[in-house]
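> What follows is a single structure, and I will ask about it in a moment.
Read-outs throughout are calculated quantities, based only on the coordinates presented, and are distinct from any laboratory measurement. All values derive from a computational prediction rather than experimental measurement. Heads up, the Cβs are rebuilt from the backbone with ideal geometry, glycines too, and the neighbour counts pull from every protein chain shown.
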Amino acid sequence: MNPVKFQHPDFTATGDRRAAVDLTALKTLWFNTGTLCNLACENCYIESSPTNDRLVYISLAEVTGYLDEIAADDLGTTEIGFTGGEPFMNPDMCAMLEATLSRGLQALVLTNAMRPMMKCADALLDLRARYGDRLLLRVSLDHHTAALHEMVRGKHSWQTAIDGLRWLSDNGFNIHVASRTCWNEPDPVMRAGFARMFEKEGIAIDANDPVATMLLPEMDQSLDVPEITEQCWDILGVSPDAMMCATSRMVVKRKGAEKPVVTPCTLLPYDEAFDMGHTLDEAATAVKLNHPHCSRFCVLGGGACSRSAA
C-alpha cells in the first residue's frame, strides 16, 4: 500500500476531497463479542485466535445498555448483529440473543458452527422455538470443498462445521453461509459447487441466492487500492447510501478499556482514529472513508454484512 494514501481525514494523497458517508438510519447495530476464537484462520482481518483477546468479551449488561438507547431514542433499528471471534465462546451469548429477540428485534450471529455453538444447542433450540426466523445464523465456509476450506481454517475444521450446519438445517433454523472469493472461481462455478455440497449434505440453503450464500470480497491488505473521492460516487455509479456505514455501527470493547466504544462498521475494530464515542447518539455523524477497507471491501468490492445485504 502506498504510504502516502489514507493519511488525512478530509483529503486524499492527490489533494481531492475524500468521500464521506452520512448515517441515513441505524438499521443494524453490531456487537463484537470478543476476538477469542477456537480457530486461527489464515488472513482473518481481525486476527481472531484462541489467544487474541485485544477485544474482550462484551457483557449482557453492556449490550442491554445499547438496546435501551435504541428504544429510548426510537432509532428504528431492526437488526442486531453479533460477530467475533467466535460469538458462542462469549458466556453471555445466548442471554444477549434473548435480550435482543425479546424486544422484537432480529438477531444475526456470524459463527463457524463448531463446538462452541454446539455447546449452546439446548439454548438455541429454545430460542428457535420461541422466536423463529428472527434468529439468523450465518456460517463461515471458506469454500465448498474440505481441502480449500481447511487451507484457510486448519486441519479437521471442515467436518465439524458441516455437522453443525447440518444440525442447524435439520432443526429448522434460519441459516445462511458466507464464503470467500479468493479462489479465482467465477461466481457461477462457486455457486454450483455449493449447490452440490448442500444437496449432498442435506442442508437447506439456496446456493443461488446472493444473500443466503454470500460470497464476500477479499481484504488483502498487501494490495494497493485507490482512495475514494467525492467524485467517485458518480464515476463508479455507486451511492454512498449503499455503504455499510450508512445504516450500521459496531460496538467493541478493547482490552483494558473501562467501557465499550462505537465504531463505523465491523471492519475497523482496532483503529482508534475511527472511534465515534461511547453512545449511539455520539456515533450518528458522517464516516470519512479514510481506510483501505472502505475502498476494497465496501465501495469497490460491494461487500456488506447485514442480513439483507446483496
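> Of all DSSP beta bridges located in the chain, what percent are antiparallel, nearest 5?
Beta bridges within the chain, antiparallel portion: roughly 20 percent.
> Further question: Checking the a/c ratio against 1.5 first, then a/b against b/c, what shape does the Cα gyration tensor give for the stretch 86-146?
prolate
> Net charge near residue 202: determine it from the other residues with C-beta under 15 Å of the C-beta of residue 202, scoring Lys and Arg +1 and Asp and Glu -1.
Around residue 202, the surrounding residues sum to -2.
> Which pairs break 24 Å Cα to Cα here: 119/259; 27/253; 5/253; 253/288?
Violating the 24 Å Cα-Cα cut-off are 119/259; 5/253.
> Also, I was wondering about something else. Where does each of 75, 39 land when they are ranked from fewest to most other beta-carbon atoms within 10 angstrom?
Fewest to most other Cβ atoms nearby, the residues stand as 75, 39.
> Starting from the stretch 1-106, pick out the GluC sites (Glu not before Pro) whose DSSP state is loop and whose Cβ has at most 13 other Cβ atoms within 10 Å.
42
> Count neighbours as other Cβ atoms within 10 Å of each site's Cβ, and list the trypsin sites (Lys or Arg not before Pro) in the stretch 227-261 that are DSSP loop with at most 15 such neighbours.
255
> Right, next: According to the square roots a ≥ b ≥ c of the eigenvalues of the Cα gyration tensor, what is the shape class of the stretch 66-171, taking rounded for a/c under 1.5, prolate for a/b larger than b/c otherwise, and oblate for the remainder?
prolate
> For a bin width of 10 Å, list the pair-distance distribution of the chain built from all Cα-Cα distances, rounded to whole %.
6, 27, 36, 24, 7, 0
> Can you work out the PRE-style zone for residue 223? Point 7 Å along Cα to Cβ, and I want the residues of the stretch 27-43 with backbone N under 19 Å.
Taking a point 7 Å out along Cα→Cβ of residue 223, the residues of the stretch 27-43 whose backbone N falls under 19 Å are 42-43.
> Per 10 Å bin, what percent of the C-alpha pairs of the stretch 7-89 does each bin hold, from zero upward?
15, 30, 28, 25, 3
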